[in-house]
Amino acid sequence: MKYFVENSGRKGTCYHEFYKGKWDGATFRKDDSVFLHDDTLDQCVGLVEALMLIIPSYDRYGPTEVFAADWEKIGKAIRHSDKSSAELYEEASEWAAEVFKTEECFTILGI
């Protein structure tokens, strides 16, 4: 993966966790999550803008649930954005597609 790392690949704690399903309110750093470093998110402005547009309650520092319909809308918004954001979205979409087979959403746990 170019943008995301698995739990074992994290270096430090400054990551946004893409958590499979609804967050249980207590568990962090699950092995079936993928992790996006905060610096990478800062560089992919299009993703942040799309998240804020489609999910106005998006919280960079807390949990945000992302449903399949929202994820598709985010992808459409990103297509007109920077190349890095589009690539990041495509990479995350592979993981998200698997999640949506068994879960109604995934949760982005902010830093």
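Numbers for the structure displayed
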read-out	value
Residue count for segment 31-51, restricted to those that are open to solvent by 60 Å² or more (accessible area, probe 1.4 Å) and of a type outside the set (A, V, I, L, M, F, W, C)	6
Scan of segment 52-74 for residues that are more than 22 Å from GLU6 (Cα to Cα), assigned to a helix (DSSP H, G or I) and open to solvent by less than 20 Å² (accessible area, probe 1.4 Å), ordered by number	ILE74
Flag if GLU17 is part of a strand (DSSP E or B) and not β-branched (Val, Ile, Thr)	yes
Scan of segment 75-111 for residues that are open to solvent by 40 Å² or more (accessible area, probe 1.4 Å) and either of a type in the set (S, T, N, Q) or farther than 26 Å from ASP24 by Cα (or both), ordered by number	LYS76, ARG79, HIS80, SER81, ASP82, LYS83, SER84, GLU87, GLU90, THR102
Residue in segment 85-102 that is modelled with pLDDT of 95 or more and part of a strand (DSSP E or B) present	no
Tally of residues being without any contact (Cβ under 8 Å) to a residue 60 or more places away in the chain and open to solvent by 50 Å² or more (accessible area, probe 1.4 Å) across segment 1-24	5
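The values are calculated or read from the model by the stated rules, or taken from the named source; none is laboratory data. Since we're looking at a predicted model, the values are computed, not measured. Here the Cβ is made from the backbone with ideal geometry for all residues, glycine too, and neighbour counts use every protein chain on show. Side chains are part of the model used for accessible areas, which takes the heavy atoms of the whole protein and leaves out ligands, DNA and RNA. Shrake-Rupley method; radii C 1.70, N 1.55, O 1.52, S 1.80 Å.
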